[in-house]
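A.B. asks: Below is one structure. I have some questions about it.
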Amino acid sequence: MEILRIEHLSKIYGTGESAVKALDGVSFSVQKGEFVAIIGPSGSGKSTLLHMLGGVDRPTGGKVFVEDTDMYDTDETQLAIFRRRQIGLIYQFYNLIPVLTVEENITLPLLLDKQKVDKQLLDNLVKTLNLQHRLRHLPNQLSGGQQQRVSIGRAVIGSPAIMLADEPTGNLDSKNSKEIIDLLKMLNKTFQQTLIVITHDERIALQADRIISIEDGRIAKDEVIRP
Ligand SMILES: Nc1ncnc2c1ncn2[C@@H]1O[C@H](COP(=O)(O)OP(=O)(O)O)[C@@H](O)[C@H]1O
Ligand SMILES: [Mg+2]
């Protein structure tokens, strides 16, 4: 089942002399449960692409369909709600709210959406993340690996259609990197959670089902490595 489709996506930052074409007519689709790695040189447009897929910033041209909903064919309020419910975003530097506890950070998307927190579901998730003894801690009392596990918890708690991660292990040592990738893979395999990860780590890319290479804002290669 197709969960994501992008058509002729383009993004130009700035205008006139200073305009930068960061994405130049990118099209592809992703099936539910796929694990896609996105690779490419620095400045090639990877983060821009992820922001367009995630509803973070509007494209200049083209369309993004998530489960057949045209994501940008709506106003800012509806887009924010859609993003909160359907997209799980994970960043290199975690982007946790410093004044909220681990538990509050994880459940934040549900609270913003006025949804009740299912205690059992939260317990299970927290155990999966191995954060059961850190629930009352603040982000700055945690290691980098633990903070990234909190951000993964926040990304999956609402069962999003897609999880998007931009260099999720870029700030971690190799042991913590492996833990984070193993966790993302487990969520992908166990719950058929669709996963798109930007990485410059070849060992991570080779664990994906498919590798899309971006160069100069275009798809240079799109290879299925695990059908
Ligand atoms: N907010 C922005 N304003 C202007 N230019 C930007 C902005 N974000 C990215 N760019 C430019 O767009 C191009 C692609 O950037 P980016 O998507 O961050 O690449 P990558 O993630 O592959 O390193 C680069 O030339 C970058 O300088
Ligand atoms: Mg980037």
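A.B. asks: Search the structure for amide H atoms under 5 Å from the amide H of Gln92, placed 1.01 Å from N in the peptide plane, and list their residues when 5 or more places away or on another chain.
C.D. replies: Asp166
A.B. asks: My understanding is that a pair violates if its Cα-Cα distance is over 22 Å; which of Lys11/Lys32; Lys116/Lys189; Lys32/Lys185; Lys32/Lys119; Lys32/Lys127 do that in this structure?
C.D. replies: Lys11/Lys32; Lys116/Lys189; Lys32/Lys119; Lys32/Lys127
A.B. asks: Let me ask something additional. Compute a Gaussian network model of the chain, connecting alpha carbons closer than 10 Å, and tell me which residue from Gln192, Gln86, Gln115 fluctuates the most.
C.D. replies: Evaluated over the chain, the most mobile residue of the options is Gln115.
A.B. asks: Here is a follow-up. Comparing Arg84, Arg134, Arg149, which has the greatest mean-square fluctuation in the GNM of the chain with Cα pairs linked when under 10 Å apart?
C.D. replies: Arg134
A.B. asks: For Glu215, what residues show an amide H to amide H distance below 5 Å, using hydrogens built from the backbone and excluding near sequence neighbours?
C.D. replies: Ala220
A.B. asks: Right, next: For region 179-185, take each phi angle, set θ = phi - 60°, evaluate the Karplus expression 6.51 cos²θ - 1.76 cosθ + 1.60, and give the result in whole Hz per residue in order, putting x for glycine and proline.
C.D. replies: After applying 6.51 cos²θ - 1.76 cosθ + 1.60, I find 4, 5, 5, 4, 5, 4, 5 Hz.
A.B. asks: To the nearest 20 debye, what charge dipole does the chain have about its Cα centre, counting +1 at the Cβ of each Lys and Arg and -1 at the Cβ of each Asp and Glu?
C.D. replies: Computed charge dipole of the chain: roughly 720 debye.
A.B. asks: Treat every Asp and Glu Cβ in region 32-101 as -1 and every Lys and Arg Cβ as +1, leave all other atoms uncharged, and give the resulting dipole magnitude about the Cα centre to the nearest 20 debye.
C.D. replies: Dipole magnitude for region 32-101 comes out near 240 debye.
A.B. asks: What residues have an amide H closer than 5 Å to that of Met163, excluding those fewer than 5 places away on the same chain, when H is modeled at 1.01 Å from N in the peptide plane?
C.D. replies: So Met163 has HN proximity to Gly88, Thr194, Leu195, Ile196.
A.B. asks: What percent antiparallel are the DSSP beta bridges of the chain, to the nearest 5?
C.D. replies: Within the chain, antiparallel bridges account for around 55 percent of the total.
A.B. asks: Assign unit charges at the C-beta atoms only (+1 for Lys and Arg, -1 for Asp and Glu), then state the dipole size of region 171-227 relative to its Cα centre in Debye, rounded to the nearest 20.
C.D. replies: Dipole size: approximately 220 debye.
A.B. asks: Shifting gears a bit: Taking θ = phi - 60°, what integer Hz values does the Karplus form 6.51 cos²θ - 1.76 cosθ + 1.60 yield along region 105-114, in sequence order, with x for Gly and Pro?
C.D. replies: Running phi through 6.51 cos²θ - 1.76 cosθ + 1.60 with θ = phi - 60° gives 4, 5, 8, 3, x, 6, 5, 4, 8, 6 Hz.
A.B. asks: Taking θ = phi - 60°, what integer Hz values does the Karplus form 6.51 cos²θ - 1.76 cosθ + 1.60 yield along region 31-37, in sequence order, with x for Gly and Pro?
C.D. replies: 8, 4, x, 6, 10, 10, 9
A.B. asks: Using Cα pairs closer than 8 Å and at least 6 residues apart in sequence, work out the relative contact order for the chain, in percent. Provide the component values of the computation, followed by the final result.
C.D. replies: On the way: 432 pairs, mean separation 66.3, N = 227.
After rounding, I find 29 percent.
A.B. asks: To continue, here is another question. Which residue, Ile181, Ile196, Ile214, tops the fluctuation ranking in a GNM of the chain built on C-alpha contacts under 10 Å?
C.D. replies: Ile181
Bear in mind that the values in this text are calculations on the coordinates, not laboratory data. Given the structure is predicted, the values throughout are model-derived calculations rather than measurements. Neighbour counts run over all protein chains shown; Cβ positions are idealised from the backbone, glycine included.
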